[in-house]
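First the structure, in the form of structure tokens, and then the observations on it.
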Amino acid sequence: MKFIETIKIKKQQLSNIDYHIKRANLTIYDHYNIKFNFEKVIQKILENIKIIDDDIYKLRIVYDNRDYEYSIEKYILKPIKNFKIVRVEDFFYRYKYLNRKKLDSFYSQREDYDNIIIAVNDFITDSYYSNLVFEKNNEYFIPDTYLLNGTKRKYYLDNKIIREKKITIKDLKEFDSIHFINAMIDLNEIVIKI
């Protein structure tokens with residue numbers, strides 16, 4: 001079984017690296033019941049890459065308990081202007097698996113929309129590749145019914161920038177806007193007014 005970590009490199013610095021290390025180590029422990037040192041993987045990768053500009057890069061690491069491979073590319077933010085709600089029942093995605101076939105099947109239902117919002121049993125969870133933050137009166141809320149506890153989600157919660165809340169499909173009309181966040185996308189970078 002393979003897993004993936006996507007890490008933002010901005011101004012030659014790895015963003016939220018402690019969160020990525022913790023998640024990768026926990027993922028391997030939960031699946032193989034062994035201690036894992038993802039920090040060593042990161043150190044080996046950094047010995048082999050050289051970034052000489054201040055652009056934003058996407059470091060993609062595919063790993064398991066024995067091996068890893070990585071790629072790095074300049075990152076271009078893709079806009080999201082609209083979304084379709086995809087309703088599913090009893091779906092869980094606690095770990096960041098390389099195999100995303102089930103998520104891909106949800107995403108294929110988007111028709112002409114840019115992205116999807118996945119609602120599990122009518123509770124809002126995440127989009128195809130992002131956690132969701134809902135804004136109301138300059139306050140930020142994130143569903144407590146998330147699929148993946150993303151590193152940016154965890155960072156914003158730990159720093160009290162956002163708060164968890166149960167959000168159903170019916171609740172969407174109560175909010176002013178939706179923010180899409182992930183390891184590569186910060187709060188306020190992709191926002192859709194509701």
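The values are calculated or read from the model by the stated rules, or taken from the named source; none is laboratory data. Note that this is a predicted model, so its numbers are computed, not measured. So basically every Cβ, Gly included, is an ideal-geometry build from the backbone, and we count neighbours across all protein chains shown. Surface accessibility is based on the protein's heavy atoms, side chains included, excluding ligands, DNA and RNA. Shrake-Rupley method; radii C 1.70, N 1.55, O 1.52, S 1.80 Å.
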Next on the checklist: What's the total number of residues in segment 100-154 that are in contact with a Gly (Cβ under 7 Å, 6 or more places away or on another chain) and open to solvent by 70 Å² or more (accessible area, probe 1.4 Å)?
Outcome noted: 0
Item to check | Any hit, segment 168-184, residues being more than 29 Å from residue 72 (Cβ to Cβ), touching a Phe, Trp or Tyr at 6+ places or on another chain (Cβ under 7 Å), in a strand (DSSP E or B) and not hydrophobic (A, V, I, L, M, F, W, C) | outcome: yes
Checklist entry - Any idea which of (1) assigned to a loop (DSSP other than H, G, I, E, B); (2) touching a helix residue (DSSP H, G or I) at 6+ places or on another chain (Cβ under 7 Å) is the one residue 52 doesn't satisfy? => result (2)
Checklist entry - Does any residue of segment 60-67 turn out to be farther than 25 Å from residue 2 by Cα and touching a residue at least 24 places away in the same chain (Cβ under 8 Å)? => result no
Checklist entry - Among the candidates 164, 189, which residue alone is surrounded by fewer than 17 Cβ atoms within 10 Å (Cβ to Cβ) and assigned to a strand (DSSP E or B)? => result 164
Checklist entry - Got a number for residues in segment 75-89 being under 25 Å from residue 55 (Cα atoms) and in contact with a strand residue (DSSP E or B) (Cβ under 6 Å, 6 or more places away or on another chain)? => result 2
Item to check | Selected residue (criterion: nearest to the chain's Cα centre (by Cα)) from residues of segment 80-95 that are within 23 Å of residue 154 (Cβ to Cβ) and open to solvent by 100 Å² or more (accessible area, probe 1.4 Å) | outcome: 94
Item to check | Residues located in segment 3-49, provided they are in a loop (DSSP other than H, G, I, E, B) and open to solvent by less than 80 Å² (accessible area, probe 1.4 Å) | outcome: 15, 16, 34, 36, 37, 49
Checklist entry - Considering only segment 50-79, how many residues are among the hydrophobic types (A, V, I, L, M, F, W, C), modelled with pLDDT of 95 or more and surrounded by 10 or more Cβ atoms within 10 Å (Cβ to Cβ)? => result 6
